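Scroll down for the structure; my scribbles are underneath it.
The values are calculated or read from the model by the stated rules, or taken from the named source; none is laboratory data. Bear in mind that the values here come from a model prediction, so they are computed numbers and not experimental data. Don't worry about glycine lacking a Cβ; one is built from the backbone with ideal geometry, like all the others, and counts go over all protein chains shown.
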Amino acid sequence: MKITTEMVDYISVLSRLKLPEEEKERMTGELENILAYMDVLNTLDTSQVEPMSHVFPIRNVVREDEVAPSFDREQLLKNAPQRDQEAFLVPKAVE
Amino acid sequence: MTWETVIGLETHVELATRTKIFCSCSTAFGGAPNTHCCPVCTGMPGTLPVVNRKVVEFAAQAGLALNCEITRYNKFDRKNYFYPDLPKAYQISQLYLPIARNGHVPIVTEAGEKEIRIHELHMEEDAGKLVHDPWIDQTRCDYNRCGVPLIEIVTEPDFRTADEVIAYLEKLKSTLEYLGVSDCKMQEGSLRCDVNLSVRPLGSETFGTRTEMKNLNSFKAISRAIKYEARRQIELLEEGKRVIQETRRWDDNKDATFSMRSKENAQDYRYFPEPDIPPLELSEEYLTSLRERQPEMAEARRERYQREYGLPAYDAGQITAQKALVDFFEETVALGAPPKEAANWMLGDMMRRLKDEEMEPKDMKLTPANLAALIRMIAQGRINRNTASRVFRAVFPDNADVETYVREHGLEQVNDAGAVEAAVAKVLEANPQTVSEYRAGKQKVLGFLVGQVMKQLKGKADPKAVNAALRAALQ
Ligand SMILES: [Zn+2]
């Protein structure tokens, strides 16, 4: 599959990445290689194989509905690049 | 041209669990910002979500009650998007294997009975709350609601009118309340509804271009928004213009829908299987035990109320339409009130008060014990019906004790035959004209005399006793 510069632009918007022009060039090639490898995988007949979503054969890992104390707010907010006394702050996101 | 409106609904319901879907933080409403949070629900790197057992149970129960097929092998998926209401930059939801599918809900409107098909029901997590602070021109994030469990119920595009939509939502709300899986409070956002709407020429098999309406906070808003949006689309088409597929926001004050930024419309969620949560397998035994625990729902209860208590179909329907009324009714009856009496008070005086106060039954302070006491006082002949209505109105707002209220206001009925006879004698003496009219055959004036005697006794007598005493004295 041919990867165009527009496709790279679209993917970087979705991933919130700002790519310099020269890297975009490199990306088209790399992404094309990745998809080419997918084409190799696609030559295998998997019609009889269940799609796998988990590596380990474990099921039904659940917990009881019992409240545990929440985390100290100060500790949580310490991780934020921007904050005030009680909340995380981000650039304007709502009207 | 005659147009047909086609509507499908996506309803998000917050589940009434104690804790969040993937961590043990409290789901309690309110709370200072970011105090019901931990590294899991604030999306800190390296944390692992663990599914709340109760969420699966509630979702499966809701699926069963909506006549769905339950998915035995469940998985979660990641829905990726960058928006600060979700600190992980993805929402854990179910895309490929939702817990329930292919259900149906019977509804009744004035146009008759109809079946609404349920496309699917899936589990997911709620997002946080964003508030823009114009002072610093930044957005503040409160993640208390982040990770609160939701089920999203998606219907097929089976609705044709706003009435059908409301009938379905009322049915859905009642069903979920019966199950106890949600408190379904629209004002607090625990039941939210997005409406997908398109129009097409009547008889057409293909669908028109649809819009999705958000921010519908009441049944009234939903009904008005549907009527507005259908008219808007029809007008566009009749002018030869076209409908644009987009998300529109309902503005309750302006009574209109408005296009939301197109950026939000162009979404590419790049779903993929959630690697942090192992699959959930629901056994046949588990589903059987859930089926057995399914409570008696509205229809079954309505029939039983008619059969066991002799309630008229309409009354039984009114009470069973809301779980809060059912609980109130059953408790009042359990406390000894005759079922018909309890139903009459609830559907008469109580509904009137609720309507006047614009209150929901579940928010009312009045208790079944207090209503049962009021009904008992009437049965014992201690207050008459008129007085009882006055007492009801007085105690309704704060659930003041009826016994105390009656005593403190001296409202107990005069059952002393001597006092009634004395009042009768006094009234007859003061109204010789009316007495002779009565004796001349003008029966109607008796009502006036009864009123006069009641007035003498300050309304505290049993009208039947007054009536009898008057007739005897006039013989
Ligand atoms: Zn948490």
**Report entry** Pairs where the first residue, in the range B:419-434, is surrounded by 15 or more Cβ atoms within 10 Å (Cβ to Cβ) and the second is among the polar types (S, T, N, Q), C-beta under 6 Å, 6+ apart
**Finding:** B:Ala423/B:Gln456; B:Val427/B:Gln452
Query - Checklist (1) touching an Asp or Glu at 6+ places or on another chain (Cβ under 7 Å); (2) at pLDDT 85 or above applied to B:Gln413, failing item - result: (2)
Query raised in the report: Looking only at helices (runs of 4 or more DSSP H) that fall completely inside the range B:237-321, which ones have 2 or more residues that are within 14 Å of chain A (Cβ to nearest Cβ)?
Result: B:262-265, B:284-293
Report task. Report those helices (runs of 4 or more DSSP H) wholly inside chain A carrying at least 3 residues which are under 27 Å from B:Lys88 (Cβ atoms) and at pLDDT 95 or above. Result -> A:73-77
Query raised in the report: From the list B:Gly147, B:Gly180, which one is on the phi > 0 side of the Ramachandran plot, of a type outside the set (Lys, Arg), touching a residue at least 60 places away in the same chain (Cβ under 8 Å) and crowded, with 17+ Cβ neighbours inside 10 Å?
Result: B:Gly147
Requested in this report: Within the range B:26-49, identify whether any single residue is under 17 Å from B:Val154 (Cα atoms), assigned to a loop (DSSP other than H, G, I, E, B) and either among the basic types (Lys, Arg) or away from the ligand (no atom under 11 Å from the Cβ) (or both), and answer yes or no.
Outcome: no
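Residue-by-condition table, conditions (1) of a type outside the set (S, T, N, Q); (2) in a strand (DSSP E or B); (3) farther than 21 Å from B:Ala298 by Cα; (4) within 30 Å of the chain's Cα centre (by Cα):
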residue: B:Phe58; (1), (2), (3), (4): yes, no, no, yes
residue: B:Gln91; (1), (2), (3), (4): no, yes, yes, yes
residue: B:Leu95; (1), (2), (3), (4): yes, no, yes, yes
residue: B:Glu113; (1), (2), (3), (4): yes, yes, no, yes
